[in-house]
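Read the structure below first, then the notes.
None of the figures in this text is laboratory data; all of them are computed from the coordinates on show. Here the structure is a predicted model, which is why all the values come from computation and not from measurement. Here the Cβ positions follow ideal geometry from the backbone for every residue, glycine too, while neighbour counts run over all protein chains shown.
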Amino acid sequence: MNLTIPNWLIIFGGCGQIFTALIYPYIRHQVFDWYNDVKQLKPLNQEIAKTYGRYIQGLNFSFGLIAILLTNDLKNQTHLAIAITGLIAAYWVGKVATQIAYYPMYQIPQRLHFKIGSYFMNVLFVLFAVVYTLLLLHNLKLL
């Protein structure tokens with residue numbers, strides 16, 4: 001089977017990843033009231049939580065830039081393409097799995113735009129997981 005992943009899909013995914021990085025602070029603050037929850041932690045744990053939040057934001061932004069700027073390199077079947085697409089696929093598949101396993105236990109605020117936003121974000125996360133998994137399989141010459 002020879003499946004070609006179109007560049008526009010990879011670039012669209014990259015734009016989506018940058019969007020998730022840019023919207024992340026709004027979601028933490030407006031939807032989850034994250035900053036007030038973090039204030040209840042000890043000072044060191046507050047900084048650790050904030051640092052991990054920045055890591056997530058930075059990875060999402062960086063993965064987006066890689067997808068937009070190095071689109072062809074992500075599918076050229078080199079060892080580096082395998083490593084990068086494998087890393088990004090594992091990141092997004094892990095995110096989707098975590099979302100399915102743990103997040104349904106929690107309620108987001110019931111405002112309409114938050115509900116629509118949560119569906120939109122979940123569709124994006126699945127898209128990222130599928131695109132990078134397909135890229136990895138392509139790079140491994142399994143597609």
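Full extension of the segment from Gln110 to Ile48, taken as 0.36 nm per residue of separation minus the current Cα-Cα distance, would add 19.4 nm. For the chain, the average shadow cast by the Cα convex hull is 9.6 nm², which is a quarter of the hull's surface. Across the stretch 67-79, coupling constants 3J(HN,Hα) worked out from phi with the 6.51/-1.76/1.60 Karplus curve, θ = phi - 60°, read 5, 6, 8, 10, 3, 5, 5, 6, 10, 8, 6, 7, 4 Hz, and Gly and Pro carry x. Between the Cα long axis of helix 112-139 and the first principal axis of the chain there is an angle of about 30°, rounded to the nearest 10. Pairs of lysine residues in the chain that meet both criteria, 8 or more places apart or on different chains and Cα atoms under 28 Å apart, total 11. Full extension of the segment from Ile100 to Leu87, taken as 0.36 nm per residue of separation minus the current Cα-Cα distance, would add 2.7 nm. Taking every C-alpha pair closer than 8 Å and separated by at least 6 residues, the mean separation divided by the residue count of the stretch 7-139 gives a relative contact order of 36 percent.
Here each label is just a point 7 Å from Cα along the line to Cβ, and for Leu3 and Ser118 those points are 3.0 nm apart.
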